[in-house]
Amino acid sequence: MLKILYHDYLVIPIPSWKDDDNKRGFNHVFEIFSSLNLKMCPCLHKKENIKQSSLNKEQRLKTKNLSIDKVNLTNKKILIVDDVMTTGSTVKHAIEIIKKKKPKIIKVLILAKNCRTNKK
């Protein structure tokens, strides 16, 4: 179904920290979606290894930890994919920086919602 719905979209996964991907040997979100033969664009990168689980909601909402490659997204249909969403701050930041690239449309797909919040 995803292959049919998003066949003409460019999939941009929310990144993991590079060291975590290297330990695993792969990026799990990238692997899931590349098996669907959708166009992948791993152009987002974490600037620092900040564990979202160590931050409270207010700290997460202030965190701007993504950068984007020099990539042409003008008039392209974009599907942002994240594995888990708690506060939505990472996805909001991804949308913010991708919008600057003037895509035609941005959609978001979250694989799981974390209902537990860190109450530090």
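The values are calculated or read from the model by the stated rules, or taken from the named source; none is laboratory data. These figures come from a predicted structure and were not determined experimentally. Please note: Cβ atoms are built from the backbone with ideal geometry, for glycine as well, and neighbour counts cover all protein chains shown. Ligands, DNA and RNA are stripped out before the accessible areas are found, and what is left, the full protein with its side chains, is counted by its heavy atoms. Shrake-Rupley method; radii C 1.70, N 1.55, O 1.52, S 1.80 Å.
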For the stretch 105-117: of the residues being under 17 Å from P13 (Cβ atoms) and either open to solvent by less than 40 Å² (accessible area, probe 1.4 Å) or aliphatic (A, V, I, L, M) (or both), which is modelled with the lowest pLDDT?
A112
Looking across the stretch 30-39 at residues that are out of contact with any helix residue (DSSP H, G or I) (no Cβ under 9 Å at 6 or more places or on another chain) and farther than 23 Å from N114 by Cβ, the single one that is most open to solvent (accessible area, probe 1.4 Å) is K39
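So is P42 open to solvent by less than 40 Å² (accessible area, probe 1.4 Å) and assigned to a loop (DSSP other than H, G, I, E, B) or not?
No: the conditions fail for P42.
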Close pairs from the stretch 18-30: first touching a residue at least 12 places away in the same chain (Cβ under 8 Å), partner part of a helix (DSSP H, G or I) and of a type in the set (S, T, N, Q), Cβ under 6 Å, at least 6 apart
none
In the stretch 6-29, residue most open to solvent (accessible area, probe 1.4 Å) [restricted to those that are at pLDDT below 90 and farther than 19 Å from H93 by Cβ]
K23
Matching residues, the stretch 45-104, being open to solvent by 20 Å² or more (accessible area, probe 1.4 Å), in contact (Cβ under 8 Å) with a residue 40 or more places away in the chain and touching an Asp or Glu at 6+ places or on another chain (Cβ under 8 Å)
K77, T90
Qualifying positions in the stretch 74-118 - part of a strand (DSSP E or B) and farther than 14 Å from C41 by Cα:
D83, V84, M85, I105, K107, V108, L109, I110, L111, A112, K113
Search result, residues across the stretch 1-50 that are in contact with a Phe, Trp or Tyr (Cβ under 6 Å, 6 or more places away or on another chain) and farther than 21 Å from K70 by Cα:
N49
